Each structure stands twice: as C-alpha cells, then as structure tokens.
1. If you consider only alpha-carbon coordinates, what radius of gyration and Dmax does region 94-228 have, in Å?
2. Can you tell me the mean projection area, over all orientations, of the convex hull of region 3-225's alpha carbons? Units nm², please.
3. Quick one: the Cα spread of region 27-134 along its three principal axes, in angstroms, biggest first?
4. Expressed as a whole number of Å, what is the distance separating the alpha-carbon centroids of region 1-39 and region 115-181?
5. Keeping all protein chains in place, calculate the accessible area per residue for region 57-151 (probe 1.4 angstrom), answer in Å².
6. Taking the Kirkwood radius as the inverse of the mean 1/r across Cα pairs, report the Rg/Rh of region 30-89.
7. Roughly to the nearest percent, how much of the accessible area of region 3-225 is carbon and sulfur, given a 1.4 Å probe?
8. Taking only DSSP H segments of four or more residues, each worth -39500 (n - 2.57), what value at 222 nm results for the chain once the sum is divided by all its residues, to the nearest 500 deg cm²/dmol?
Amino acid sequence: MSERFRELVATPRVAPSILSADFAKLGSQVEEVMAAGARVIHVDIMDGHFVPPITIGPLVAGAIADLVHDAGGAIDVHMMIETPERQIEEFAKAGADSITFHAEATPHANRTLSAIRELGCAAAIAINPGTPVEALSELRGLADVVLCMTVNPGWGGQSFIPSSPDKVERLRQVVGDAVIEVDGGIDVGTAGSVAAAGASLFVAGSAVFGADDPAVAYQAIASAAGAS
Ligand code: DX5
Ligand code: ZN
C-alpha cells in the first residue's frame, strides 16, 4: 500500500470529508484542517447511479493532491460508484493514496483489490449498513482497509446508525488485521463507541466542515476518538 498511507493509519486518525466543505474555497478549507492536525483527507465520489447524488471525480482529487501531500498528508478516495474497477487507474494517477470501492458495486472485489495494490495504493472495500460482515469473509488479507458505513451512503449530515459499534466488533472477527474505517454520523458523541469497537480511521464531514470553527471541531472529534 502507499507507504505514506500505511504510516499515517498505523495510529488512529480522523479523516475530514471534503463533501461538507465549501468548494468555492476548497484549498483553504483543507489547509485549515491540516493545520489542526488532520493528515488523511477523505474524498467522496458519487456517480448518480450507485447513490443518487453526483459529486466529484479525479479532477478535484488531483487539484488538492499536491497541497495534501506537501503537508505530509494522504488522499483517501471513497468511490460510491458502479463498475468501480474502471476508474481506479484515474484516481491513482490523480494522486490517491487509498482507494475504496463498495462490495455492493461490483462482482469483481478480489480482482479490484489486487488491481488497487498494483497501482501502489492502499486497497479498501466498503460495506453498506444492509450488507452483512460475512460479505468480506473471502477477502481476508486482500484489503488494507475495510470501511463500515455507519449511515447509508450518499449524503452528509445523516444520523449515525446505533447498531454500528456492534457491527464493527463483528467485522473485526472477519477481516483480521485490516484497518477498520467508519463513515457517517461521526462526531464527538459517536466516535468513542466505534473506537472502542475496533475502528481506527474515522471519517467526519459535517461535524468538521459544518462547524463554526473546523479546526476546533476536528480536534474535539480526534480527542473523542482517541486519535492524533
Ligand atoms: C456519505 C459519505 C461520507 C460523508 C459523511 O455517503 O461517504 O463520507 O461525507 O458525512 P457526515 O460526517 O456528515 O455523516
Ligand atoms: Zn465517504
């Protein structure tokens, strides 16, 4: 996997999601959270098919990649798209350090995880709230990161699904030593419960960029998650 990403996720991290940032000043918003300590920047890709909204693609990921890398950070791409195997090369070229696709979006999870690693990126697979942890049982050892959605994918600002900590605990039994990432409804009130269950990478969008002061909000969530 990307050496940069491996080092960063060796300890618990909060990854601000730019989905909730002000895109008219994206660069300065990213700089603001990185100055507060953030090193993993989460980039949500939606295609209007796998999930209803359309967001951004490799062009925007690439636009912030140098800024993030120069500050010692990593780009964590989360693809909520159909046929994700067709897009991984473009995101790797754009500067992604980690690439996540959804188990529900392709019959080719094994091949896609290997292809992501071959491109030099951390390979990550996500599961929706309705997908059982056993969906990943044949992929042990192939994924560097498994992402457990703690809301239904598609929108920022939704409420954390309360059964998520229990699911994260069960996921740990299935995925061995892969990093467990959680995404959706993570804030100062919810981060601790998924941290205790075994997650160590915590995506937070609206709780960071929707706050009056994203830097202060980032630090409060990191502290609640036991992250740096
Ligand atoms: C939702 C995205 C998330 C989103 C989380 O489908 O994958 O990364 O930004 O937003 P919050 O933290 O507001 O739930
Ligand atoms: Zn996401």
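1. 14.7, 44
2. Values: hull surface 41.1 nm².
For region 3-225, the mean projected area of the Cα convex hull comes to 10.3 nm².
3. Cα spread of region 27-134 along its principal axes, largest to smallest: 39, 30, 25 Å.
4. A separation of 19 Å, based on Cα centres.
5. Numbers: 3600 Å² over 95 residues.
It amounts to 38 Å² per residue over region 57-151.
6. Values: Rg = 12.7 Å, Rh = 12.3 Å.
When Rh is taken as the Kirkwood radius, the ratio is 1.03.
7. Values: 4400 of 8860 Å².
On region 3-225, the fraction of accessible area on carbon and sulfur atoms equals 50 percent.
8. Values: 9 runs with 81 residues, N = 228.
Computed mean residue ellipticity for the chain: -10000 deg cm²/dmol.
The values are calculated or read from the model by the stated rules, or taken from the named source; none is laboratory data. The model shown is predicted, which means the values in this text are computed figures rather than measured ones. In case anyone asks, the SASA skips ligands and DNA or RNA and just uses the protein heavy atoms, side chains included. Shrake-Rupley method; radii C 1.70, N 1.55, O 1.52, S 1.80 Å.
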